[in-house]
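Input: a single structure, listed below in structure tokens.
Any read-out appearing in this document is the output of simple, stated calculations on the displayed coordinates, not a laboratory observation. Predicted model, so just to flag it, every value in this text is computed and none were measured. Reconstructed Cβ throughout: ideal geometry from the backbone, glycine too, with neighbour counts over all protein chains shown.
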Amino acid sequence: MQYQFDNCPTTVNYTITGATTGNGTANASGKVFNKGTSTVTYTITDQSGNSSLCFFDVTVNDTEAPALNCTNLGTQTRLTNPGVCTYTVVGTEFNPLGFGDNCPGAVLSNNYNGNNTLAGAVFPKGTTTVIWKVTDASGNITTCALVVTVNDLQVPTITCPANQTFVNDPGQCSKVILTTVLNPLFSDNCPESNISHNYVVAPNPWTLEGANFPVGTTLVTWVVQDASGNTASCAFSVKVNDVEKPTFIGCPTDTIMVGNDVDKCSAKVNWPIPFAEDNCGILNILQTGGPANGSTINVSPFPVTVTYRATDINGNSQLCSFKVLVVDTQNPQFDADILMPGNTTAECDNIPPAFVLTNDDVFDNCTPSQNLVITFTETSTKCSGQALCCFYTYDHPYLESHRCFWQHADPHADHQCEGHHQTGGSMQKRNGGA
Ligand SMILES: [Ca+2]
Ligand SMILES: [Ca+2]
Ligand SMILES: [Ca+2]
Ligand SMILES: [Ca+2]
């Protein structure tokens, strides 16, 4: 620079202070100035030593944005690490390849962890957008985006209860489960898994508490689904046993007494067949002992025992036993062709021939004629009254009795009926001196 402000030749010097320093002679033009503000001071001096100053500032601004190389980033997809619902960044895989600036002092950072590296950062399942930012010393900023998607492909675990066996609820052909004993254990690396079963008649799909299981075996499948739709399942059986026997309704508690059929020492006996109820159902009711219903049962002092067995559809059975007794209610009787003597009036010295009853003359439905015992009791008094009465009575082993009445009147009233004897199975009565 050549200034000519004086009347004599002059010398020009300059000094630079501030962001840039230096000095020289003549012109500072062409000098490289650093970013920032520098002050240039010119001094002009003439040959007489007179000098004067001028100065000005030179300000250099950095408006050039820093460079950021994110070509390795963009969208990144990873799987959750084993057993956890996150992904941990390995090394510098999610860092920009590089950054730079025309000026020193550029700083790299991200908005996820605030650091200049994502090494070791933990990303949750799902999508996270990270902004990488480089800021130069002048505040110029360059950014790039990193999209991290973490997927959960780990299936949940589920453990069903062991196969279960119950007995029916009293009176029911089923069992209501009142606890959570039939629910599975399950887990997943991520939260919010859901379980469901396939026993659709249960009150709720997520628990078997309150579910009513029928007698028999029911196969139940549990499914667990994690929040990402991964599923796992298990199955087990619920067995309900019917342990309730059938109950007889109307099983006779007293001996059934039946009289003989007419002229028979037996009876054709019918009784109401007992029926039975069961919590699950009756398979059959079968007679297992005693004579068949409607068959002929002989008169006997000892009852016969009739037994029925009711079996439910699950093999439980119950017995009903009762006694049937046929009793002889028919009295012995005389043969129809017996001509009983009527009332007779006779002289005491002319007593009619004795009336003789033999075993051929009597009949009973149960006792053979020859075994019938014919007895008579004679009551006689002296013929002091108006009549002499002789009573014939016979009895048979069942204490039934008939009475035969034979009367004759004796006006002289001084005769005594007399004498009787028994011959073999028959008895006969002889009266008077006959
Ligand atoms: Ca810059
Ligand atoms: Ca999972
Ligand atoms: Ca039963
Ligand atoms: Ca009889």
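Annotations for the structure displayed:
- Region 23-98 - Rg and Dmax from Cα coordinates, angstrom: 28.1, 91
- Take every pair of alpha-carbon atoms less than 8 Å apart whose residues are at least six positions apart; their mean separation over the length of region 89-179 yields a relative contact order of 23 percent.
- For region 247-327, the relative contact order comes to 39 percent (Cα pairs under 8 Å, sequence separation of at least 6).
- Proximal lysines to Lys323, defined as alpha-carbon separation beneath 24 angstrom and excluding residues fewer than eight positions away on the same chain: Lys245, Lys264, Lys268
- For Val58, the residues whose amide H sits under 5 Å from its own are Ser38, Thr39, Val40, ignoring neighbours fewer than 5 places away on the same chain, with H placed 1.01 Å from N.
- Translational D in µm²/s for region 152-211 (Stokes-Einstein at 10 °C, 1.306 mPa s, Kirkwood Rh from C-alpha pairs): 119 µm²/s
- Convex hull volume of region 89-130 per residue (C-alpha atoms, cubic angstrom): 79 Å³
- Cα-Cα pairs of region 67-151 separated by more than 16 Å (percent): 51 percent
- Computed FRET value (nearest 0.05) for Asp57 with Leu97, which takes r as the C-beta separation and R₀ as 45 Å: 0.70
- A simple spin-label model places pseudo-atoms 7 Å from Cα toward Cβ; at Gln370 and Asn198 they are separated by 8.4 nm.
- Across region 305-317, rounded Karplus estimates of 3J(HN,Hα) from the backbone phi angles (6.51 cos²θ - 1.76 cosθ + 1.60, θ = phi - 60°) give 9, 10, 10, 10, 10, 9, 10, 7, 5, 10, x, 7, 9 Hz, Gly and Pro being marked x.
- Residue list for region 233-254, given a label point 7 angstrom along the Cα-to-Cβ vector of Val167 and an amide N cut-off under 11 Å: 241-245
- Each residue of region 98-114 is assigned a 3J(HN,Hα), and the resulting list reads x, 8, x, 7, 5, 10, x, x, 5, 10, 9, 7, 9, 8, 8, 10, x Hz, derived from the Karplus form 6.51 cos²θ - 1.76 cosθ + 1.60 (θ = phi - 60°), x at Gly and Pro.
- On the principal axes of its alpha carbon atoms, region 10-60 extends 38, 16, 12 Å, with the longest extent given first.
- Placing dummy labels 7 Å off each Cα toward the beta-carbon, the span from Asn284 to Leu319 is 1.9 nm.
- Neighbourhood net charge (14 Å Cβ-Cβ; Lys/Arg +1, Asp/Glu -1) for Pro104: -3
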